[in-house]
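Student: Submitted below is the structure of interest, expressed as structure tokens.
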Amino acid sequence: MRAFIFPGQGSEYACMLKELYEQSSFASNFIDGLNLSFDIKSIYVAESDRIHDTRYSQPGNFVFGYILSELLRQKGITPD
């Protein structure tokens, strides 16, 4: 059995999405296309103290997990 398991709040860190944003067109297009009430790039791609604030960490961690799961699926790796 294969499952995708992603970390929750408290696991976020500075520049968490930076490498994905810079190296994956899927990730950068997805992040640039988000319509959130805050600028996720200023918090997750750049360094920011706001990253540990629940208002930003919950959606940011979801975006991180979604991008990772889609990149795995693009490589043919899917959960059961």
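The values are calculated or read from the model by the stated rules, or taken from the named source; none is laboratory data. None of these values were measured; they are calculated from a predicted model. Positions of Cβ are generated from backbone atoms using ideal geometry, with glycine treated the same way; all protein chains shown enter the neighbour counts. Calculation scope for accessible area: heavy atoms of the full protein, side chains included, ligands and nucleic acids excluded. Shrake-Rupley method; radii C 1.70, N 1.55, O 1.52, S 1.80 Å.
Student: Can you give me the angle between helix 54-74 and the longest principal axis of the chain, using Cα atoms only, in degrees from 0 to 90, rounded to the nearest 10?
Tutor: Roughly 30 degrees between the two axes.
Student: Can you give me the relative contact order of the chain as a percent, contacts being Cα pairs under 8 Å and 6 or more apart?
Tutor: The normalised contact order for the chain reaches 43 percent.
Student: If you count only protein heavy atoms and use a 1.4 Å probe, how large is the accessible surface of I31, to the nearest 10 Å²?
Tutor: 10
Student: Just to make sure I understand: if all protein chains stay in place, what is the order of E12, E70 by accessible area at 1.4 Å, largest first? Working shown, then result.
Tutor: Values: E12 10, E70 40 Å².
Largest to smallest exposure gives the sequence E70, E12.
Student: Place a point 7 Å from the Cα of S69 along the Cα-to-Cβ direction; which residues of segment 1-27 have their backbone N under 19 Å from it?
Tutor: The answer is 1-12, 17, 20-21, 26-27, whose backbone nitrogens lie closer than 19 Å to the label point.
Student: Same structure, new question: Can you list the HN-Hα couplings for segment 11-19, worked out from phi with the Karplus curve (6.51, -1.76, 1.60; θ = phi - 60°), rounded to whole Hz and with x for Gly and Pro?
Tutor: Karplus-based 3J(HN,Hα) across segment 11-19 equals 9, 5, 8, 4, 6, 3, 9, 4, 5 Hz.
Student: Show me, for segment 21-37, the HN-Hα J-couplings you get by feeding each phi into the Karplus relation (A = 6.51, B = -1.76, C = 1.60, θ = phi - 60°), rounded to Hz, glycine and proline as x.
Tutor: For segment 21-37, the Karplus-derived couplings read 4, 6, 9, 10, 5, 4, 5, 5, 5, 5, 5, 5, x, 5, 10, 9, 7 Hz, x marking Gly and Pro.
Student: Further, regarding this structure: Show the residues, 5+ positions off or on another chain, whose built amide H is closer than 5 Å to the amide H of S48.
Tutor: For S48, the qualifying residues are C15.
Student: For the chain, just the Cα set please: Rg and Dmax, both in angstrom.
Tutor: 12.7, 38
Student: Would you check the accessible area of R50, probe 1.4 Å, heavy atoms only, in square angstrom rounded to 10?
Tutor: It works out to around 100 Å².
Student: Carbon-plus-sulfur fraction of the accessible area of the chain, 1.4 Å probe, in percent?
Tutor: On the way: 2580 of 5160 Å².
Its accessible area is 50 percent carbon and sulfur atoms.
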